[in-house]
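S.K.: For reference, the structure I am asking about is given below.
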Amino acid sequence: MAADSDKRRQARSEYVYKRKTLAMIGLSVGVSSNTIGRWKRAAKAIGDDWDTARSAHMIAGEGLDAVITTVVEEFMIMAQAAIDDLKADALKNRDDQMPIDKRISMMTSLADAMTKMTNSAGKLAPKISELGVAQDVIRRLMEFVKEHYPDHAHVILQIAEPFSDHLVEAYG
């Protein structure tokens with residue numbers, strides 16, 4: 001049973017930190033990708049969402065602000081293009097313009113989408129941000145120990161991986 005637990009921990013680690021596919025993890029751990037998928041679903045059922053942990057780890061590396069800023073910027077570029085298209089349509093001859101009710105509908109949809117984008121970005125940040133910060137602290141601790149106390153690195157690593165699972169339960 002201990003070997004199975006070690007394989008699950010290794011599988012989770014490779015999924016979250018190395019962003020490997022389930023098939024690649026299966027080869028590495030020595031079980032089928034279906035087994036990895038079952039482990040992943042079982043972990044989620046008890047509060048350990050591997051996908052949330054993976055996202056948080058990615059954000060911890062790139063920074064949440066950078067990710068959210070990129071998403072919002074891309075959305076705003078598309079929104080501006082839609083507004084430009086509506087303006088260009090308004091400059092056409094009246095017979096070639098789309099009906100006013102369709103233009104109003106498009107503007108309303110765009111405003112709704114902008115509101116939803118803003119709300120989603122705000123809601124996403126706290127959940128993943130806390131876990132990302134916690135994982136970043138663990139990573140920084142590991143780097144500090146490797147640099148200043150290399151003889152103790154193996155002990156910290158032995159504790160850090162299971163503690164990361166605990167962090168996901170607490171923040172994920």
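S.K.: Counting just the residues of the stretch 86-115 that are free of Cβ contacts under 8 Å to residues at least 12 places away in the same chain, under 26 Å from VAL71 (Cβ atoms) and surrounded by 11 or more Cβ atoms within 10 Å (Cβ to Cβ), which one comes out farthest from the chain's Cα centre (by Cα)?
M.R.: SER105
S.K.: Which ranges mark the helices (runs of 4 or more DSSP H) fully within the stretch 22-108 that have 3 or more residues being of a type in the set (Lys, Arg), out of contact with any Gly (no Cβ under 7 Å at 6 or more places or on another chain) and at pLDDT 85 or above?
M.R.: Qualifying helices (runs of 4 or more DSSP H): 33-45.
The values are calculated or read from the model by the stated rules, or taken from the named source; none is laboratory data. Just so it is clear, the model here is predicted, and its values are computed rather than measured. Heads up, the Cβs are rebuilt from the backbone with ideal geometry, glycines too, and the neighbour counts pull from every protein chain shown.
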